[in-house]
Amino acid sequence: MGDRVYNFSAGPACLPESVIKQAQKDIWNIFDSGIGIMEHSHRNKYFDRVTHETEADCRAVGNIPDDYSIFWMQGGATSQCYMVPANFLASDRTADYFETGKWAQDSIKEVHHYGTVHIAGSSKDSGFNHIPKGDEVKYSENPAYVQFTSNNTIMGTEFKELPQTPGSSFLVADMSSNIYSRPIDVSKYGLIYAGAQKNLGPSGTTLLIAKTDIINNPVRELPKMMQYDLMAKKEGRYNTPNTFGVYLMGQVFKWILAEGGLTAMDEMNKDKAAVIYDFIDSQDFFTPHSVKEDRSLMNITFKCPTEELDALFIEQAEEQGLTTLAGHRSIGGMRASIYNAFPKEGCVKLVEFMKAFALEHAAAKA
Ligand SMILES: Cc1ncc(COP(=O)(O)O)c(C=O)c1O
């Protein structure tokens, strides 16, 4: 670990150590060009190479079919909240959304600018502690598309099964906080978007993976910067992209491939999450936010018996080199974000600390 601590941040989040070390070199001089990655034109042969390698490695990691386009946009995942309905939802059509937390709600709020929203399922009434399923889900008759947030970063819940796609609809997923954490069948989706700052790289770059014939048929005329098809045709370089973000994402893809791809990520993520969840299940001092069957492998949310103890836990954990464990302000408590690059030793250390803390404060529960 050296001078670095265990960083449980929900995003921007910790990156693979080897990626940071490679980036240190490439910031100085990439491909022996005598120029660092952040100083190269986005139109020269060096950045052509970065773009093409990043795309090829992204395809290799996700086993992405040829009829899908890969490109990058700016404006964060939040901009996709309006980009999706702008491109796909005609004013006389309805789109179905799952309301499973704040990020889903942010998307839902933008739909009315373009068409009608239908809530196919919501877990709002239970504090977003689960993923709606069975009788809780009612799709509209023929939605333009069905959108869901595959992992709810704040709540710590995760879809284990894909929503349905009634009529001629297709799936849109905000995959910002669990993309490439496990194997994925991209052919099941119309569009996937993910802000990079959790599993893919630095903030300021959003990855888009889209079925090409879907984005080639936008439902209205849009300003150029809002046209998915233009962005895809220009390889995310219609204007000046976040060149460093695309470069670093490429390095993360290389790291995933070297580690054994998404099957290896999945095994590591299950193994790491089990360290913490097995402990949580074995005691009654800490209470988890999510119901067991929907809990996230990426963001583990839990509380102490009182808010005062939550604050003390976060403060004392920090002193032990376990940092950024505070839950999102909307739900409080604690959140341990353990994305692909987070090391298992950090999970073990956290559990050791949780055990000691629970023992010391057991009287508060009684
Ligand atoms: C699932 C999800 N969607 C969207 C966002 C918003 O991303 P950005 O800040 O890049 O706009 C986040 C941010 O953490 C997120 O976790």
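The values are calculated or read from the model by the stated rules, or taken from the named source; none is laboratory data. As the structure is a computational prediction, the values presented were derived from the model and not from experiment. We place every Cβ from the backbone using ideal geometry, glycine too, and count neighbours over all the protein chains shown.
Annotations
- The stretch 16-54 - residue that is part of a loop (DSSP other than H, G, I, E, B) and in contact with a Gly (Cβ under 7 Å, 6 or more places away or on another chain) and, of those, nearest to the ligand (Cβ to nearest atom): 30
- Flag for residue 224 being surrounded by fewer than 20 Cβ atoms within 10 Å (Cβ to Cβ) and either closer than 21 Å to residue 338 by Cβ or within 16 Å of the ligand (Cβ to nearest atom) (or both): no
Residue-by-condition table, conditions (1) without any contact (Cβ under 8 Å) to a residue 40 or more places away in the chain; (2) more than 24 Å from residue 345 (Cα to Cα):
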| residue | (1), (2) |
| --- | --- |
| 245 | no, yes |
| 251 | no, no |
| 259 | yes, no |
| 264 | yes, no |
| 269 | no, no |
| 286 | no, no |
| 293 | no, yes |
| 297 | no, no |
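- For the condition within 16 Å of the ligand (Cβ to nearest atom), surrounded by 16 or more Cβ atoms within 10 Å (Cβ to Cβ), small (Gly, Ala, Ser) and under 23 Å from the mean Cα position of the chain (by Cα), residue 76 qualifies.
- Selection count, the stretch 143-155, where residues are in contact with a helix residue (DSSP H, G or I) (Cβ under 9 Å, 6 or more places away or on another chain) and within 16 Å of the ligand (Cβ to nearest atom): 7
- Residues in the stretch 158-186 that are of a type in the set (Ser, Thr, Tyr), away from the ligand (no atom under 11 Å from the Cβ) and closer than 22 Å to residue 295 by Cα: 180, 181.
- The stretch 161-184: number of residues that are aromatic (Phe, Trp, Tyr) and farther than 16 Å from residue 256 by Cα: 1
- Restricting attention to the stretch 25-66, the residues that are among the aliphatic types (A, V, I, L, M), without any contact (Cβ under 8 Å) to a residue 40 or more places away in the chain and either outside the structural domain of residue 242 (by TED's automatic domain parsing) or under 21 Å from residue 199 (Cβ atoms) (or both) total 1.
- For the stretch 189-203, the condition holds for at least one residue, the condition being that it is away from the ligand (no atom under 16 Å from the Cβ), modelled with pLDDT of 95 or more and crowded, with 17+ Cβ neighbours inside 10 Å.
- Lone unmet requirement of (1) buried (at least 20 other Cβ atoms within 10 Å of the Cβ); (2) farther than 16 Å from residue 278 by Cα; (3) touching a His at 6+ places or on another chain (Cβ under 7 Å) for residue 302: (2)
- Sole residue being within 20 Å of residue 15 (Cα to Cα) and either part of a loop (DSSP other than H, G, I, E, B) or modelled with pLDDT of 95 or more (or both), chosen from 315, 352, 308, 345: 345
- With respect to being under 20 Å from residue 226 (Cα atoms), out of contact with any Pro (no Cβ under 6 Å at 6 or more places or on another chain), among the aromatic types (Phe, Trp, Tyr) and in the same structural domain as residue 158 (by TED's automatic domain parsing), residue 82 fits the description.
- Evaluated against (1) under 26 Å from residue 4 (Cα atoms); (2) touching an Asp or Glu at 6+ places or on another chain (Cβ under 9 Å); (3) of a type outside the set (Ser, Thr, Tyr), residue 300 falls short on exactly one condition, (2).
- Taken over the stretch 117-140, the criterion of being in a strand (DSSP E or B) and surrounded by 18 or more Cβ atoms within 10 Å (Cβ to Cβ) is satisfied by 117, 120, 121, 122.
- Enumeration of residues in the stretch 79-111 that are among the hydrophobic types (A, V, I, L, M, F, W, C) and within 15 Å of the ligand (Cβ to nearest atom): 81, 83, 84, 98, 103, 104, 108
- Residue within the stretch 129-137 that is more than 16 Å from the ligand (Cβ to nearest atom) and within 20 Å of residue 332 (Cβ to Cβ) present: yes
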